[in-house]
Amino acid sequence: MKKKIYISGMHSGQNPCSGLGIARCLRKAFPNITLVGVDHWQGSSGLHDASIDEVLMLPSWKQIDDDRHVSHVRALLDEGHLWISSLDMEVYWLSEKLGPHRNLLAPGGSALELTAKPAVKAIEQLDFLVPDFISASLPDSEIHSFLRHNSWQCWLKSPYHDAKRISSWGEFERSRDLMSRSWKTSNLFVQRHVVGNEESIAFAAHQGELLAAIQMQKRQLTPEGK
């Protein structure tokens, strides 16, 4: 049986996942490998890219049966196929529900704990600062005071991804309600906006060994604030 690489998160819109970029890189490096694009929405643009050989469509996260999906993914991994996740929420889900597996190319629980928002331990260990933040579950009076203190220049964020720019109390209340229902969590936080250039260091590592790294600078701002 020919081994396959499953890559989840294939949408490439204004708020893209990295699945398409991963697939194109792998196709250049390994022209004859079989790549399977995985997503929860048939409109994900990357599923139609020439680098993808097959498509695996899954139900939306709201409809996923945890036990059945875990069994499905584990069976693929046990057969020798690889799974690369580029969905933040799925990475956490895989760590919690599936655990470590030699064919699952995703960060484990210890790595996720170091990078959990908002108090990112890994950043503090690298001697960087984390912008001021406050839990969105605190009394409204404390949140209102935090927003005023920061001149209403803040972001409402989820523990995974998604962020809404906040410039008024009404906007905060609407965004908190929508985000809580969307992510099914009250673990949201408000963080001070920082003016400056957005830069990232993307890297690849395997079993604790750094394989490669590259600096990336973000030069455009989308309507979503990305």
Identify, by number, the condition in (1) touching a helix residue (DSSP H, G or I) at 6+ places or on another chain (Cβ under 9 Å); (2) open to solvent by 70 Å² or more (accessible area, probe 1.4 Å) that residue 108 doesn't meet. (2)
Which numbered condition residue 19 fails, given (1) under 26 Å from residue 212 (Cβ atoms); (2) open to solvent by 40 Å² or more (accessible area, probe 1.4 Å): (2)
Determine whether residue 117 is open to solvent by 40 Å² or more (accessible area, probe 1.4 Å), assigned to a loop (DSSP other than H, G, I, E, B) and either in contact (Cβ under 8 Å) with a residue 60 or more places away in the chain or touching a Cys at 6+ places or on another chain (Cβ under 6 Å) (or both). yes
Cβ-Cβ distance below 9 Å, separation of 6 or more or different chains: which pairs start in region 169-187 with a residue that is closer than 15 Å to residue 143 by Cα and end on one that is charged (D, E, K, R) and not in a helix (DSSP H, G or I)? 171/164; 171/165; 172/164; 174/164; 175/164; 175/165; 176/164
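Looking at 205, 213, can you tell me which residue is part of a strand (DSSP E or B) and surrounded by fewer than 11 Cβ atoms within 10 Å (Cβ to Cβ)?
Values: 205 fails: surrounded by fewer than 11 Cβ atoms within 10 Å (Cβ to Cβ).
Within the list 205, 213, the selection yields 213.
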Tell me which residues, restricted to region 122-170, are of a type in the set (Gly, Ala, Ser) and open to solvent by 40 Å² or more (accessible area, probe 1.4 Å). 135, 137, 141, 145, 151, 167, 168
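Can you tell me which of 46, 21 is closer than 23 Å to residue 182 by Cβ, outside any loop (DSSP other than H, G, I, E, B) and not charged (D, E, K, R)? Please lay out each step first, then the result.
Values: 21 fails: closer than 23 Å to residue 182 by Cβ.
The conditions single out 46.
The values are calculated or read from the model by the stated rules, or taken from the named source; none is laboratory data. Everything numeric here is computed off the predicted structure, so don't read it as measured data. No Cβ is skipped: glycine too gets one built from the backbone with ideal geometry, and neighbour counts run over all protein chains shown. Just so you know, the surface numbers come from the protein's heavy atoms only, side chains and all, with ligands and any DNA or RNA stripped out. Shrake-Rupley method; radii C 1.70, N 1.55, O 1.52, S 1.80 Å.
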